[in-house]
Structures are given as C-alpha cells and as structure tokens.
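Enquirer: The structure follows.
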Amino acid sequence: MLETIRGRLLTHRPRQIPCDPSLRAATVLLLFERDGDVHCVLTKRTDTVRHHKGEVSFPGGMFEPTDRDLEHTAFREAEEEIGVRFDDVEVIGRLDDSWTYSGFVISPFVGVMPYPYEFSTNPREVAYLIFLPYSILKGDQFAPQRRSGEWISFHYNGDRIWGATCRTLMTFRDIVENEKI
C-alpha cells in the first residue's frame, strides 16, 4: 500500500494558495504500516493551546521567520508536539494547500515513518495520539457530513475529525484512490 501511495503522490501537483507569511502553517501526515494497514498519526489537541483547542489535527503549526521553508515548519512542529525527528521520516509528497475556518493556510506534507516508534508527546499541546487506519478512509465509516456544500466531519473512536483535517484526509484518499479531486 505504501508503494501505491508513493506512486500517486509522485504524480500529484499540489495546489498552492498565495498568502501573507503570517497566515502560513504546515502540517505532516505521518504514515506507518501496522497490522497489514497503513495508519496516519493524528493528535487530539489539549484545551490549553492557543488555536484549535480540543480539536483533532495533524502535527504541525505556524511558519516562523527562522524556518527554511514550509517543510521545515511541519517537521519542526512535529518534533515539538510528538517527538518525531525529521531524520526518522521519508518525505514522499505534498498535498493541496487549504484554508482553515480561522483564516490560516495549511500546507500538508506526507511522510513515512518507522513503527513501532517511541513518540514523546508535549503535554501542553497534545492530549493523546490517534492512529487512523487508511482502511477507514475507504470504508462506510468515512462518510463526512456536508453543510452548505462544505465537508464538515466524521467520527472515529469517539473523536470528531472536521474542517481542514477532514478535507486533507479526503484529498489524500482521493489522490491515493486515483479519484478526481
């Protein structure tokens, strides 16, 4: 499955949204294989973070002037939030930029990491990790609800996954399944 994902991302040309650097953020879809399925690492944010309190998201955060580029932003934040080192990840692609409801533009990267892995979550930012099986994205459980033409959310193990995170997962699934996006 990871080879299929690599191949699809190799030919994908991500849509990029121009915006002010102060509105830029980057995330990373960290993938690993476990029990015959590819899994994606998500975080449940604490109620004490500044933005997106208690929401499910990908590791990532805001671009800082000292970051080399958006990929550096994504992995700097991933290391701060969940202890995943850039050297442990093979970057295999980038997905389309996406606006958040709070007015940021997110640039998502995709990387493959080893498993098992010794995660080290930052308790100020991350309440817990969610390992979402890719098979969920292809199954009946992944049926995001629409409101006013926008994909809103789906639930996994009691967590609501919505907004830019949900849209990014849909885009990822559509690219991998070679569906029109």
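Enquirer: Which ranges mark the strands (runs of 3 or more DSSP E) fully within the range 4-80 that have 2 or more residues being of a type in the set (Lys, Arg)?
Expert: 24-34, 37-45
Enquirer: Of the residues in the range 34-43, how many are touching a Phe, Trp or Tyr at 6+ places or on another chain (Cβ under 8 Å) and surrounded by fewer than 16 Cβ atoms within 10 Å (Cβ to Cβ)?
Expert: 2
Enquirer: Another question, then. Applying the selection to the range 1-52, what residues are hydroxyl-bearing (Ser, Thr, Tyr) and more than 21 Å from residue 139 (Cα to Cα)?
Expert: Within the range 1-52, 11, 22, 27, 43, 46, 48 qualify.
Enquirer: Give me the residue from the range 151-167 that is of a type in the set (Gly, Ala, Ser) and assigned to a helix (DSSP H, G or I) and, out of that set, modelled with the lowest pLDDT.
Expert: 163
Enquirer: Among the residues that make up the range 48-67, is at least one of them in contact with a Phe, Trp or Tyr (Cβ under 6 Å, 6 or more places away or on another chain) and modelled with pLDDT of 95 or more?
Expert: No: the range 48-67 contains no residue that is in contact with a Phe, Trp or Tyr (Cβ under 6 Å, 6 or more places away or on another chain) and modelled with pLDDT of 95 or more.
Enquirer: For residues that are touching a helix residue (DSSP H, G or I) at 6+ places or on another chain (Cβ under 7 Å), under 21 Å from residue 46 (Cβ atoms) and not in a loop (DSSP other than H, G, I, E, B), scanning just the range 114-150, find the one that is modelled with the lowest pLDDT.
Expert: 126
Enquirer: Moving on to the next point. Here's a check for you: in the range 63-99, which residue that is crowded, with 18+ Cβ neighbours inside 10 Å and either hydroxyl-bearing (Ser, Thr, Tyr) or touching an Asp or Glu at 6+ places or on another chain (Cβ under 6 Å) (or both) is farthest from residue 43 (Cα to Cα)?
Expert: 98
The values are calculated or read from the model by the stated rules, or taken from the named source; none is laboratory data. Please read these numbers as outputs of a predicted model, since none were measured by experiment. All Cβ positions, glycine included, derive from the backbone under ideal geometry; neighbour counts span all protein chains shown.
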